[in-house]
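Enquirer: Let me give you the structure first, and then I'll get to my questions.
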Amino acid sequence: MRLGLNLGYQAAWTTPADHLALAQEADRLGFAVVWAAEAYGSDSPSMLAWIAGQTQRIDVGAAVMQIPARTPAMTAMTAATIDAFSGGRFRLGLGVSGPQVSEGWHGVRFAQPLGRTREYVDIVRMALAREPVSYDGKHYRLPLPDGPGKALRLTLHPVRDHIPIYLAAVGPRNLELTGEIADGWLAIFFAPEFAGELLGSIAAGRARAGKTLDGFDVVPTAPLVIGDDIDTCAALVRWYAALYIGGMGSRDENFYHALATRMGYGEAANEIQNHYLARRREEAAAAVPMEFIDRTSLLGSVDRIADRMRDYAAAGVTTLNVSLFVGDVDDGVRTLRAAAEALDKSGVGE
């Protein structure tokens with residue numbers, strides 16, 4: 001198992017310089033990959049291009065580039081460009097986002113996300129292979145019929161035969177699709193205790209494609225907080241968990257609420273959502289079960305985190321991303337070093 005760093009988004013309390021410093025430290029420590037996210041603020045490929053030009057060995061990954069934000073051809077162009085000037089270090093993570101962002105920000109209907117994802121990945125792979133892009137799907141038709149368009153070929157020659165594609169997936173059907181068409185899975189709220197069901201769906205998709213889990217990258221992101229008191233460490237993560245379970249979507253459609261319910265926390269998930277949608281944010285955070293936070297995070301001393309890393313590796317995780325809950329860059333650097341120490345102590349690192 002290797003380590004990754006998930007920087008998330010640019011926000012009011014972060015700066016690009018902060019994120020670059022953390023990425024460079026992760027590079028020095030031998031982390032496998034640094035990821036950047038996007039929603040409706042900073043975009044991930046701009047951040048990754050900037051980081052790629054100022055690091056040496058670490059891969060740069062989009063977690064994710066939103067499918068409704070770009071045409072598949074534009075995504076292929078961006079992936080090939082960043083991969084070229086990073087010397088073959090780019091990982092393309094894709095996700096459909098959610099109905100509120102897709103329809104409210106990008107103006108793209110969210111309907112039939114699985115079918116759209118399958119066709120999108122088909123076209124991206126076709127473009128990256130420098131094949132003439134001609135596609136007759138339900139959601140995408142290239143070139144457009146009855147017009148002057150022609151099937152074009154990517155003019156840039158990629159530096160690799162294959163740029164790995166990851167999908168951010170939560171639900172069972174999306175997990176099966178991920179196993180079938182992707183090279184890796186970007187997971188959230190991954191608990192080793194519940195990995196069997198999730199990876200079973202991935203494995204079913206792999207089997208449909210005539211493959212096994214061998215070579216497939218299982219990549220969850222776990223909040224990381226170093227400290228002596230577990231409750232104090234967990235308090236920093238509560239707000240994040242409450243936001244996703246309670247507020248990331250509507251009452252009728254929230255993938256993270258559904259995931260927590262499948263994990264056995266349905267009653268708590270309902271309470272969190274009720275509080276959050278009523279703007280009782282403190283009550284929502286307080287309602288997140290300590291067990292849920294502890295199972296889906298890395299909390300405590302280096303030795304305790306090393307033990308937990310062994311659980312992740314045993315559950316089938318191949319790259320464990322850490323998300324830092326820290327006050328400043330110096331604290332972030334110390335936390336990254338603690339993560340590297342914990343992996344070394346765990347004995348499960350490559």
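The values are calculated or read from the model by the stated rules, or taken from the named source; none is laboratory data. All values derive from a computational prediction rather than experimental measurement. In this analysis, Cβ positions are derived from the backbone assuming ideal geometry, glycine residues included, and neighbour counts consider all displayed protein chains. Areas reflect the complete protein model, heavy atoms only, side chains present, ligands, DNA and RNA absent. Shrake-Rupley method; radii C 1.70, N 1.55, O 1.52, S 1.80 Å.
Enquirer: Name the pairs whose Cβ atoms lie under 7 Å apart, with the first residue in the stretch 276-287 and closer than 13 Å to residue 245 by Cα, the second aromatic (Phe, Trp, Tyr), and 6 or more positions between them or separate chains?
Expert: As it stands, the answer is 284/276; 285/239, since those pairs meet every condition given.
Enquirer: Kindly establish whether residue 25 is modelled with pLDDT of 95 or more, more than 18 Å from residue 167 (Cβ to Cβ) and acidic (Asp, Glu). Give the steps one after another, and end with the answer.
Expert: On the way: modelled with pLDDT of 95 or more: yes; more than 18 Å from residue 167 (Cβ to Cβ): yes; acidic (Asp, Glu): yes.
Yes; evaluated as a whole, the condition is true for this residue.
Enquirer: Could you give me the residue pairs with C-beta distances under 9 Å whose first residue belongs to the stretch 230-241 and is under 12 Å from residue 298 (Cα atoms), whose second residue is polar (S, T, N, Q) wherever it lies, and which are 6+ apart or on separate chains?
Expert: Listed pairs, sorted by first residue: 233/297; 234/297; 237/296; 237/297.
Enquirer: Residues 64, 33: which one is more than 28 Å from residue 144 (Cβ to Cβ), β-branched (Val, Ile, Thr) and modelled with pLDDT of 95 or more?
Expert: Details: 64 fails: more than 28 Å from residue 144 (Cβ to Cβ).
After applying the criteria, what remains is 33.
Enquirer: Sticking with this structure for a sec: Can you give me the number of residues within the stretch 248-263 that are touching a residue at least 12 places away in the same chain (Cβ under 8 Å) and either assigned to a helix (DSSP H, G or I) or more than 25 Å from residue 110 (Cα to Cα) (or both)? If you could, list the steps in order and put the result at the bottom.
Expert: From the stretch 248-263, those touching a residue at least 12 places away in the same chain (Cβ under 8 Å) are 248-251, 253-260, 262-263; that's our starting set.
With the extra rule that they be either assigned to a helix (DSSP H, G or I) or more than 25 Å from residue 110 (Cα to Cα) (or both), the set shrinks to 255-260, 262-263.
Total meeting the criteria: 8.
Enquirer: Sticking with this structure for a sec: Restricted to the stretch 313-350, and to residues that are closer than 19 Å to residue 61 by Cα and not in a helix (DSSP H, G or I), which residue is most open to solvent (accessible area, probe 1.4 Å)? Please lay out each step first, then the result.
Expert: Our first condition is that a residue be closer than 19 Å to residue 61 by Cα; within the stretch 313-350, this holds for 317-324, 336.
Of the ones still in play, those that are also not in a helix (DSSP H, G or I) are 317-324.
Values: 317: 7, 318: 51, 319: 8, 320: 0, 321: 2, 322: 0, 323: 28, 324: 35 Å².
Out of the qualifying residues, it is 318.
Enquirer: Of everything in the stretch 193-233, what is within 20 Å of residue 114 (Cα to Cα) and of a type in the set (Ser, Thr, Tyr)? Give them in sequence order.
Expert: Hit for the stretch 193-233 is 201, nothing else.
Enquirer: Of all residues being among the charged types (D, E, K, R) and open to solvent by 30 Å² or more (accessible area, probe 1.4 Å) in the stretch 3-31, which is farthest from residue 224 (Cα to Cα)? Just the residue, please. Please lay out each step first, then the result.
Expert: Quick first cut of the stretch 3-31, residues among the charged types (D, E, K, R) only: 18, 25, 27-28.
Cutting the leftovers down to open to solvent by 30 Å² or more (accessible area, probe 1.4 Å) gives us 18, 28.
Numbers: 18: 17, 28: 19 Å.
Looking at the filtered set, the residue picked out is 28.
Enquirer: While we're here: Just for the stretch 32-68: of the residues that are assigned to a helix (DSSP H, G or I) and among the hydrophobic types (A, V, I, L, M, F, W, C), which one is most open to solvent (accessible area, probe 1.4 Å)? Working first, answer last.
Expert: So in the stretch 32-68, the residues assigned to a helix (DSSP H, G or I) come out as 44-52, 67-68.
Still in the running and among the hydrophobic types (A, V, I, L, M, F, W, C): 47-52, 67.
Numbers: 47: 26, 48: 1, 49: 30, 50: 103, 51: 0, 52: 4, 67: 4 Å².
Checking each candidate, the answer is 50.
Enquirer: Restricting the first residue to the stretch 293-320 and requiring it to be closer than 26 Å to residue 245 by Cβ, which pairs with a second residue that is part of a loop (DSSP other than H, G, I, E, B) and among the small types (Gly, Ala, Ser) meet a Cβ separation below 7 Å and a spacing of at least six or different chains?
Expert: 295/191; 296/191; 300/227; 319/32
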